[in-house]
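A short worksheet on the structure shown next.
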Amino acid sequence: MPESSEATVTLTGDLHARPAGALTMAAAKFSAEVVLSVGGREANAKSVLAVMQLGASRGQPVTVRAVGADAAEAVAAVTEILTAATKVGD
Amino acid sequence: MAASVGIVLVSHSAALAAGTAELAGQVGGGAVLIVPAGGTFDGRLGTSADKVLSAIQSAAAGGGGVVVLPDLGSSVLTVRSLLANGELTSLGPVELADAPFVEGAVAAAVMAAGGGSLKDVLDAAREARHAGKL
């Protein structure tokens, strides 16, 4: 059974292009599949365009789910970016 | 340090190439080599084989190969003729990406900045065609 991990972060800023880029680069470092879900939409966290397409905005809860050997580390890294990067706003 | 993939943006417009390079570079966190090759030497709209060649030479410095994104029409032809003439063979692998210009550049930049291989970066640019905005 592959490991899985999940966490939810409420955004303190909009998930614009630059934080989406930072998030994608963080997710890409892990072998686990990482999926973001917000408002009933899902995106592959390793695709910057898919992450931007979510249109996730301030105040929305974003759930990060990962499946794979390094799932827990991937979720930790991605939630850290979501928490930190969206503070900047744009 | 591992070899990194460089990106060349070929446009008829110097402003479009430079602006797209700026945007993609910022989304990529500044950790990627993106070289714009837009317009002609005398500032008109058009494509210049010399500008494109020089941009590819700069982008090849990362050692991981180069992905070239053309905007339209003769941008494609200009890159194709450089590839066909063998002028790029000494520079390592150079791939021409069939991709939307802005989205492809952003997706490629993020993949390259994250340490992706030449194939990863090329695939990211190509897959941008299927990504929606809304």
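The values are calculated or read from the model by the stated rules, or taken from the named source; none is laboratory data. Not measured: the values here are computed from a predicted model. Neighbour counts are summed over all protein chains in view; Cβ atoms, including those assigned to glycine, are modelled from backbone coordinates with ideal geometry.
Odds and ends about this structure:
- Checking each residue in segment A:1-40 for being within 11 Å of another protein chain (Cβ to nearest Cβ) and among the charged types (D, E, K, R) picks out A:R18, A:K29.
- Once segment B:118-134 is narrowed to residues that are in a loop (DSSP other than H, G, I, E, B) and under 14 Å from A:N44 (Cβ atoms), the residue that is nearest to the other protein chains (Cβ to nearest Cβ) is B:A131.
- Output for segment B:88-103, where each listed residue is surrounded by 20 or more Cβ atoms within 10 Å (Cβ to Cβ) and either of a type in the set (D, E, K, R) or part of a helix (DSSP H, G or I) (or both): B:F101, B:E103
- Top-ranked residue of segment B:12-37 - restricted to ones that are part of a strand (DSSP E or B) and away from chain A (no Cβ under 14 Å), ranked as farthest from A:M52 (Cα to Cα): B:A37
- Some residue of segment A:35-45 being within 19 Å of B:G29 (Cβ to Cβ) and either in contact with a Lys or Arg (Cβ under 9 Å, 6 or more places away or on another chain) or outside any strand (DSSP E or B) (or both): yes
- Residue check for B:L82: surrounded by fewer than 23 Cβ atoms within 10 Å (Cβ to Cβ), at pLDDT 95 or above and assigned to a helix (DSSP H, G or I): yes
- Check on B:A61, assigned to a helix (DSSP H, G or I), more than 14 Å from chain A (Cβ to nearest Cβ), under 14 Å from the mean Cα position of the chain (by Cα) and of a type in the set (G, A, S): yes
- Single residue of B:T40, B:T47 found to be away from every other protein chain (no Cβ under 14 Å), assigned to a loop (DSSP other than H, G, I, E, B), hydroxyl-bearing (S, T, Y) and within 15 Å of the chain's Cα centre (by Cα): B:T47
- Odd one out for A:E73 among (1) within 13 Å of another protein chain (Cβ to nearest Cβ); (2) more than 21 Å from B:V27 (Cα to Cα): (1)
- Residue check, B:G38 within 22 Å of A:A17 (Cβ to Cβ) and touching an Asp or Glu at 6+ places or on another chain (Cβ under 9 Å): yes
- Checking B:G73 against (1) modelled with pLDDT of 95 or more; (2) away from chain A (no Cβ under 11 Å), the condition it does not meet: (1)
- All positions within segment B:104-117 that are more than 10 Å from chain A (Cβ to nearest Cβ) and surrounded by fewer than 20 Cβ atoms within 10 Å (Cβ to Cβ): B:S117
Let's see how each residue does on (1) at positive phi; (2) of a type outside the set (A, V, I, L, M):
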| position | (1), (2) |
| --- | --- |
| A:S5 | no, yes |
| A:T8 | no, yes |
| A:A17 | no, no |
| A:G55 | yes, yes |
| A:V64 | no, no |
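- Condition met for B:P70 (of a type outside the set (A, V, I, L, M) and buried (at least 24 other Cβ atoms within 10 Å of the Cβ)): yes
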